[in-house]
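What follows is one structure encoded as structure tokens, with my remarks underneath.
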Amino acid sequence: MGCLGHLINLIILSWVLTFIWNKLILPLFGKEERGGASARAGRAQYLSLLMPLLAKIAKADGRVSESEISLVETLFRELNLSPDERRLAARVFSENKYAPELFDAAALAFARACGNFELRVITFQYLVRVAAADGALSARERDMIARAARIFGIPDLLALRILAAFSGGRAWWGSSAYGEGGPRTPPPRPSEPSRAEDLALLGLEPGASDDDIRRAYRRKVKELHPDRLQAQGLPEAMLKQASERMAAINAAYSRLIR
């Protein structure tokens, strides 16, 4: 009975601590229910930073094609935008599509405002999807995507992996990932990702130590935690992408630390 009583006391203590944290401590830091004012403000800020990027890359080759417009509308649906959010997104997109030369400034503004690496990766995926929407990546679109990857701090191998996934391998750069020479035929991909690819998935460069890997993994777990992302007001579609990213990161981590 002594052991049972001790276990019951631990369970009660755990419940009490959880209640105190959720009901008394978190409110002091302004955490609101999902859909509250803080979450709505977070969504509005994200849209204000995302739409200039999408507009400028859609306009990169001189005109916004019907397929690119259709893809942007698909993203609106995926993000489950409210009517007010759709109006904001459409207005910001329209205002920014005539100045593609300011793409780097928009990318820098996004990177500075978004400290979450995983959110930058998801946003980079949106850029690639819009650029590849019309079935071809122009030289200017490839260049803008490469610059976005650098500004967002996305390792080359991870950026290439995303490009291959969303553009059917059409945007593969040679030896230095984004070097001169245009797209090349991708090399044969092994059935299991290489160590370098797994490290890139964790945001690490080749040569990272086991300690580096463990630290990066713990950081990813924090960045992709559903409660943290929900508190930022991210829509369901992005939460699903974050969940898929976490599954891929878990698999990479298990291969790296055996």
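Overview of results
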| read-out | value |
| --- | --- |
| Check on ARG228, over 23 Å from ILE151 (Cβ atoms), modelled with pLDDT of 80 or more and either assigned to a helix (DSSP H, G or I) or β-branched (Val, Ile, Thr) (or both) | no |
| Residue match in segment 151-167 (condition: under 19 Å from the mean Cα position of the chain (by Cα), open to solvent by less than 50 Å² (accessible area, probe 1.4 Å) and of a type in the set (Phe, Trp, Tyr)) | yes |
| Boolean, LYS240 is at pLDDT 80 or above, among the basic types (Lys, Arg) and out of contact with any Gly (no Cβ under 6 Å at 6 or more places or on another chain) | no |
| Residues that are outside any loop (DSSP other than H, G, I, E, B) and crowded, with 20+ Cβ neighbours inside 10 Å, drawn from segment 72-99 | VAL72, ALA89, PHE93, ASN96 |
| Check on LEU49, modelled with pLDDT of 85 or more and open to solvent by 30 Å² or more (accessible area, probe 1.4 Å) | yes |
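The values are calculated or read from the model by the stated rules, or taken from the named source; none is laboratory data. Treat the numbers as computed from the prediction; the structure is a model and nothing was measured. Reconstructed Cβ throughout: ideal geometry from the backbone, glycine too, with neighbour counts over all protein chains shown. Only protein heavy atoms, including side chains, enter the accessible area calculation; ligands, DNA and RNA are left aside. Shrake-Rupley method; radii C 1.70, N 1.55, O 1.52, S 1.80 Å.
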